[in-house]
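For reference, the structure is listed below as structure tokens.
The values are calculated or read from the model by the stated rules, or taken from the named source; none is laboratory data. Please read these numbers as outputs of a predicted model, since none were measured by experiment. Here the Cβ is made from the backbone with ideal geometry for all residues, glycine too, and neighbour counts use every protein chain on show.
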Amino acid sequence: MAERKKNPSLISPRGPLKFPKIDKVDYGTKDYPKPNGEYSTKLVLEADAPETKRFIASLMPHYQEAMAEAAAKFKELKVETRKKLGKVTENDLFTTLYDQDTEQPTGYIEFKFAMAASGERKDKTKWSAKPAIFDAKGKPMTKVPEIWSGTEAKVSFECQPYFIPGTGAAGLKLKLKAVQVIELVSGGQRSASSYGFGAEDGYEYEEPTAEDNAGEFGEDSGEDNSSKTIDDDIPF
């Protein structure tokens, strides 16, 4: 029996995460359940950036190989199925993002990475998995905080070709393995760089101590306006 070819692993460029679900298992919704659970995230990249072009170039050989495998498997289908499907449906590697008002490209594209949280082996034994999360220095994060959209990160993933005989759909799944968090956005907070600010000489804020805070303010009964949404004018 031929040894199964190992799927190659790659690392994405740095970019903002979109709808990350990597700090806890996503079981879907009532209408679209995910019984085994899933970890996933989208990564937004500038389409014309040199690092994005290099990234796509590194993926293309694996994508083309996946399409070749799909074409071979399509030929093995029953003639009735082939006639009904017509041809292999090639799913794109990434999604081009469009402005919802002008319907013009924003100049950004997004990649989706996902992995199953649990499953069952052929011998009926159960397994579970989760992505490894590292900080900017490469240190494993054992107590992972909430990771929200806008977090700057790199993604480690496995290139996994797929072909669905029933629909003829084929593509290259980017199977999530690990995430390196470079700038964390959590609890409604955003980094200075996400607003376009860089470091400057001048006033430097110091976190006040409990003693400094004593007696200054009472309880605030106003509404908490923090939210888990991203500004509409940002393309992710």
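Output yes when any residue across the range 158-178 is assigned to a loop (DSSP other than H, G, I, E, B), out of contact with any helix residue (DSSP H, G or I) (no Cβ under 9 Å at 6 or more places or on another chain) and surrounded by 16 or more Cβ atoms within 10 Å (Cβ to Cβ), and no when none is.
No, that holds for no residue.
Only residues that are within 13 Å of Tyr108 (Cβ to Cβ) and hydroxyl-bearing (Ser, Thr, Tyr): list them for the range 8-63, please.
Answer for the range 8-63, where residues must be within 13 Å of Tyr108 (Cβ to Cβ) and hydroxyl-bearing (Ser, Thr, Tyr): just Thr52.
List the number of the failed condition for Val144; all other conditions in (1) modelled with pLDDT under 95; (2) surrounded by fewer than 16 Cβ atoms within 10 Å (Cβ to Cβ); (3) not hydroxyl-bearing (Ser, Thr, Tyr) hold.
Here Val144 clears every test but (2).
From the list Ala114, Ala136, which residue is in a strand (DSSP E or B) and in contact (Cβ under 8 Å) with a residue 24 or more places away in the chain?
The conditions single out Ala114.
Looking only at the range 96-141, count how many residues are more than 21 Å from Leu43 (Cβ to Cβ) and surrounded by 14 or more Cβ atoms within 10 Å (Cβ to Cβ).
Here is the first cut: in the range 96-141, the ones more than 21 Å from Leu43 (Cβ to Cβ) are 101-104, 118-128, 139.
Subsequent filtering for residues that are surrounded by 14 or more Cβ atoms within 10 Å (Cβ to Cβ) retains 118.
Residues flagged as more than 21 Å from Leu43 (Cβ to Cβ) and surrounded by 14 or more Cβ atoms within 10 Å (Cβ to Cβ) within the range 96-141 amount to 1.
What residue, of Leu93, Leu77, Leu43, is under 23 Å from Val181 (Cβ atoms) and either modelled with pLDDT under 95 or surrounded by 12 or more Cβ atoms within 10 Å (Cβ to Cβ) (or both)?
Leu43
Look through the range 118-169, keep the residues that are of a type in the set (A, V, I, L, M) and closer than 27 Å to Ser58 by Cα, and return whichever of them is nearest to the chain's Cα centre (by Cα).
Val155
Just checking, which of Ala72, Ala49, Ala57, Ala68 is small (Gly, Ala, Ser) and either in contact (Cβ under 8 Å) with a residue 24 or more places away in the chain or touching a His at 6+ places or on another chain (Cβ under 7 Å) (or both)? Spell out the reasoning first.
Numbers: Ala72 fails: either in contact (Cβ under 8 Å) with a residue 24 or more places away in the chain or touching a His at 6+ places or on another chain (Cβ under 7 Å) (or both); Ala57 fails: either in contact (Cβ under 8 Å) with a residue 24 or more places away in the chain or touching a His at 6+ places or on another chain (Cβ under 7 Å) (or both); Ala68 fails: either in contact (Cβ under 8 Å) with a residue 24 or more places away in the chain or touching a His at 6+ places or on another chain (Cβ under 7 Å) (or both).
The conditions single out Ala49.
Do we find a residue being β-branched (Val, Ile, Thr) and more than 30 Å from Arg82 (Cα to Cα) anywhere in the range 157-166?
Here is the first cut: in the range 157-166, the residues β-branched (Val, Ile, Thr) are 164.
Filter once more, keeping what is more than 30 Å from Arg82 (Cα to Cα): none.
For the range 157-166, residues β-branched (Val, Ile, Thr) and more than 30 Å from Arg82 (Cα to Cα): absent.
Starting from the range 84-108, take each residue that is under 28 Å from Ile164 (Cα atoms) and list its partners that are in a strand (DSSP E or B) and polar (S, T, N, Q), counting only C-beta distances under 6 angstrom and pairs at least six apart or across chains.
Partner pairs satisfying both residue conditions: Leu97/Thr106.
Taking Tyr27 as meeting all but one of (1) farther than 27 Å from Thr89 by Cα; (2) of a type in the set (Phe, Trp, Tyr); (3) within 12 Å of the chain's Cα centre (by Cα), write down the number of the exception.
Tyr27 satisfies every listed condition except (3).
Looking at Asp92, Asp123 in this structure, which one is closer than 30 Å to Ala68 by Cβ and either touching a His at 6+ places or on another chain (Cβ under 8 Å) or assigned to a loop (DSSP other than H, G, I, E, B) (or both)? Steps first, please.
On the way: Asp123 fails: closer than 30 Å to Ala68 by Cβ.
From the options Asp92, Asp123, the qualifying one is Asp92.
Say whether the condition of being surrounded by 14 or more Cβ atoms within 10 Å (Cβ to Cβ) and under 24 Å from Phe157 (Cβ atoms) is met by at least one residue in the range 81-88. Reasoning before the result, please.
Of the range 81-88, the ones surrounded by 14 or more Cβ atoms within 10 Å (Cβ to Cβ) are 82, 85, 88.
Cutting the leftovers down to under 24 Å from Phe157 (Cβ atoms) gives us 88.
There is at least one residue in the range 81-88 that is surrounded by 14 or more Cβ atoms within 10 Å (Cβ to Cβ) and under 24 Å from Phe157 (Cβ atoms).
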